[in-house]
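Student: Let me give you the structure first, and then I'll get to my questions.
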Amino acid sequence: MRALRIILILVVILGGLFVIVDRVAVHFAEGEAADKLRTTENLASTPDVNIKGFPFLTQVAGGSLDDVEVGIKDYRAATGTGGGTIRIDDLTADMKGVEFSGDYSSATAATATGTATISYAELLKTAKSEPTAVAPGVEARVVGLSDGGNGKIKVAVEVEVQALNIKKTVPVLSTVAVQNDKVRVHADNLPRIAGAALAENRVREITDFQQAIDQLPGGIELDKVQAAENGVEISVKGSDVKLAG
């Protein structure tokens, strides 16, 4: 009986030591992965890496991790025009089936899904904010973006009728969608400007715009988008996504 008690005590102690070693190892691995990802993606700050699942050491021994979550606070995505970038906030990606290379220098996830936000102030930089002629003596420009409710964006269009010295702001509800790696904003209904229904193509030069988003981390791509209170919420997805290397 005493021998059994001693064995049980040893099992508990060894189990506790294994848990401690496992947690120390996973913490070290998360730090190494975060540093590697920062270097690979040229990030301004170190991302958060959370390796899920227990035990970690047996996953490593098997050459793969079940689930890894990556969080990047501020990511600059390429826009495909003259080296321009757009800031993407709070990018979180959940990566499944992460496999290592033989020397552990790189890791690739079988699939990845995630979310992020583009602020209205950032997206506004894409819209036509300079006054543009839409009719003789009439100019218009986009001066603001906000949540229009029900997944719509409210585009604030400022209209100036020079001859009458009139300037007013017209709200335009618009649909936001993803198409060919671009966030596209398209007016549902065109406003009457200066009391007249102008040519659709002239007005849409102001109300409609798009923003390309290229080279997201690891090769993930835009999936869906919708307007929200603080900006445009985007969903991303990918397969064979590079976590490092």
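Student: Tally up the carbon and sulfur contribution to the accessible surface of region 108-217 as a whole percent, 1.4 Å probe, everything protein left in place. Could you put the intermediate results ahead of the total?
Tutor: Details: 2640 of 5520 Å².
Within region 108-217, the accessible surface is 48 percent carbon and sulfur.
Student: Right, here's the next one. Please give me, ordered by residue number, the trypsin sites (Lys or Arg not before Pro) of region 104-171 that lie in loop per DSSP and have at most 13 other Cβ atoms within 10 Å.
Tutor: On the way: sites: Lys125, Lys128, Arg141, Lys152, Lys154, Lys167, Lys168; in loops: Lys125, Lys128.
Filter output for region 104-171: Lys125.
Student: I've got another one for you. Could you check the spin-label model distance between Ala25 and Ala121? Points 7 Å from the Cα along Cα→Cβ, value in nm.
Tutor: 4.6 nm
Student: Skip the ligands, DNA and RNA, and give the accessible area per residue of region 43-110 with a 1.4 Å probe, whole Å². Please report the intermediate quantities before stating the final value.
Tutor: On the way: 3300 Å² over 68 residues.
Accessible area per residue, region 43-110: 48 Å².
Student: Nearest 0.05, what FRET efficiency do Asp90 and Ala163 give at R0 = 51 Å with Cβ-Cβ as r?
Tutor: The pair Asp90/Ala163 has a calculated efficiency of 0.65.
Student: What does the charge count around Lys96 come to, taking other residues whose C-beta lies under 9 Å from its C-beta (Lys +1, Arg +1, Asp -1, Glu -1)? Kindly include the intermediate steps, with their values, before the conclusion.
Tutor: Numbers: positive: none; negative: Asp66, Asp67, Asp94.
Once positives and negatives cancel, what remains is -3.
Student: Greater than 31 Å separation of Cα atoms is the criterion. Which listed pairs, Lys96/Lys125; Lys73/Lys168; Lys36/Lys152; Lys96/Lys224, meet it? Before the final figure, lay out the partial values.
Tutor: Numbers: Lys96/Lys125 35 Å; Lys73/Lys168 37 Å; Lys36/Lys152 38 Å; Lys96/Lys224 20 Å.
Too far apart for the 31 Å limit: Lys96/Lys125; Lys73/Lys168; Lys36/Lys152.
Student: Work out how much length Asp74 to Asn180 would gain on full extension: take 0.36 nm times their residue separation and subtract the Cα-Cα distance, in nm to one decimal.
Tutor: Values: separation 106, 0.36 × 106 = 38.16 nm, distance 2.32 nm.
That pair, Asp74 and Asn180, stretches by 35.8 nm at full extension.
Student: Tell me the net charge near Ile153. Cut-off is 14 Å between Cβ atoms, Ile153 excluded, with +1 for each Lys or Arg and -1 for each Asp or Glu.
Tutor: On the way: positive: Lys152, Lys154, Arg184; negative: Glu122, Asp147, Asp188, Asp208, Glu229, Glu233.
Net charge in that neighbourhood comes out at -3.
Student: Note down the accessible area of Phe209, probe 1.4 Å, to the nearest 10 Å².
Tutor: Counting only protein heavy atoms, Phe209 exposes about 20 Å² to solvent.
The values are calculated or read from the model by the stated rules, or taken from the named source; none is laboratory data. Quick caveat, the model's predicted, so the values are computed rather than measured. Note: ideal-geometry Cβ built from the backbone for every residue, glycine included; neighbour counts use all protein chains shown. Accessible surface areas use protein heavy atoms only, side chains included; no ligands, DNA or RNA. Shrake-Rupley method; radii C 1.70, N 1.55, O 1.52, S 1.80 Å.
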